[in-house]
Amino acid sequence: MVNGKEVKPVLAMYGFRGKQAYIYKTNKIKEVAGASKIIENGFEILYDLAENLGYKLEGRKKEEVKEFNINQLFIEDDDRDGVEVYQGGGNLFILYRNKEIALTINKKFTKELIESTYSLKASCAFIELTKKQENVDIGEAWRKRDFKEDRCKLIEKYERIENQELAMEPYSTLPFVQIDARTSQPLEFTIKIEDKQEKLSRESWLKIQKYNNTNQNSKDNPFEDYSNLLDEYITKKGEESLLAIIYIDGNNMGNKVNQCLKNIPKGNNYDCCVKALRAFSSEIHNVYIEKGLQRVKEKLDELLKTNDKLREPLGYRKIIAAGDEITIICNARIAFEITKAYLEGLPDNYSSCAGISIFHSHDPYSNAYKIAEECCESAKEISHKYVDMECCVLDFHFCHAGIDTSLREIRKKDEIAISRPWLVKKKETGNGDSAVIDIIDLDKVKKMKNQLSKMARSNRMALTEAAVRGRAEFAHELERVLANTDVEEEINLDGLDLEEEKKIQLIYDIGLVYDLWFDKGEMTNE
């Protein structure tokens, strides 16, 4: 009892739904960047409105939160109305003093999301916590409460609510109202862009406002320092207008959270579990975001110093960087090297998969992102097969034509059997027998590239084209190439310990991106 009332705190869980759809609803980079920033700071909206309502929620500033002590929240002279349990994996967990506070904030949060983002949706679930033992000191009761059990119940309830919620949009239009052709949202604002008046929906206007505000206050993004135009990234307009989207996502995060809780030596109580989860969340951010992006920057600097064909400014546009997920847009020529640097530098007890989509700067950006995401999922299918391994795997796709279907359909219709995905690195973590991963690793890619580099470019292209036409055609073309290639060191395609079919597939894959990623003296540093 506190102030004569029974204490019934509420453990709440928040998460945003349809994040990718919200970000990539448009192909305009300013709106994409603004939308990603809105989601990155989405929970700040909740903290702002709680403060405006007169509630004190601890945890907004991470340095505020020291040791977690659930009992302190319920003493009579404590002025906190809630405390952040932890934030990670795109979700926020808050422990409120009571149900009334939780409901008041949640109602306002829903309305505030519409006003601040227009169509971004959040799901929320909460469970009331009660003492399991009567006639027990309140401090002792809360100290013994099982956090793991409460968390499992909350997540189960959250997933049920998320699956049942309707995907309704907060707008409607009349026949005489002008609408956005892509989103069907009503056009409400007019802004001046390059001496032209452009009409925008409220959602687009909010995204651009967020982009402009962030752009004015941020100096740590290479893209912001150089230009607002994606054309600044291409090698040369009119000759090579190729960009790449890199989508990187950590592996087995759910299992790692469960393992984090499992390894707590002092039991399942709130104090120990919350402390462990906060430390884990901080470590994830440090490993995947802080150190990961630092390796990307270091690789960019190295490439500029060692590659005469790369021109400044050489940067990347960070679209998403939260938790274990990163999305980057950059010049297509540097995509492989910076992805490899990111994955190879991960600690042995962590791993990620990456998808790279190569596309022309005038292609729909949102469609190219979808392909990058599907490439990452293709890589994850490999990593999921090896539960006792931390596998870093990458896949890529060169979008030669328009993108109007899924990656799976494109490969089924237009490509031969391929050697992708490629294994970047692996580390055994389990106690089982050593597993042989049956995919091409980067060592074999490098060895094949070294052999192909002895050929003239026309011969490499001829082999790539012959690979599509079948084994007999490839063998004939290879015989012609070898007979007409005059090099001091003999070309040996048989020394890679690869089956004939795999060899053909690897030559095809390398041939697609050789000029971009493997041309000697340009991209690959030996």
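Couple of notes before you dig in:
- Bins of 10 Å from zero: percent of alpha-carbon pairs in the stretch 331-375: 25, 46, 24, 5
- Violating pairs (Cα-Cα greater than 22 angstrom) within the set Lys210/Lys275; Lys305/Lys427; Lys25/Lys153; Lys370/Lys412; Lys99/Lys256: Lys210/Lys275; Lys305/Lys427; Lys25/Lys153; Lys99/Lys256
- Annotation: amide H-H contacts under 5 Å for Ala125 (H modelled 1.01 Å from N, sequence separation of 5 or more, or interchain): Met13.
- Accessible area of Arg97 (1.4 Å probe, protein heavy atoms only, ligands and nucleic acids ignored): about 50 Å².
- 3J(HN,Hα) along the stretch 295-301: 5, 4, 5, 5, 5, 4, 4 Hz, from the Karplus curve 6.51 cos²θ - 1.76 cosθ + 1.60 with θ = phi - 60°, whole Hz, x for Gly and Pro.
- Taking amide H as placed 1.01 Å from N in the peptide plane, the amide H of Ile440 sits under 5 Å from that of Leu423, each at least 5 places away or on another chain.
The values are calculated or read from the model by the stated rules, or taken from the named source; none is laboratory data. Bear in mind the structure is a predicted one, so any value in this text is a computation, not a measurement. Accessible surface is based on the protein model in full, side chains and every heavy atom, while ligands, DNA and RNA are left aside. Shrake-Rupley method; radii C 1.70, N 1.55, O 1.52, S 1.80 Å.
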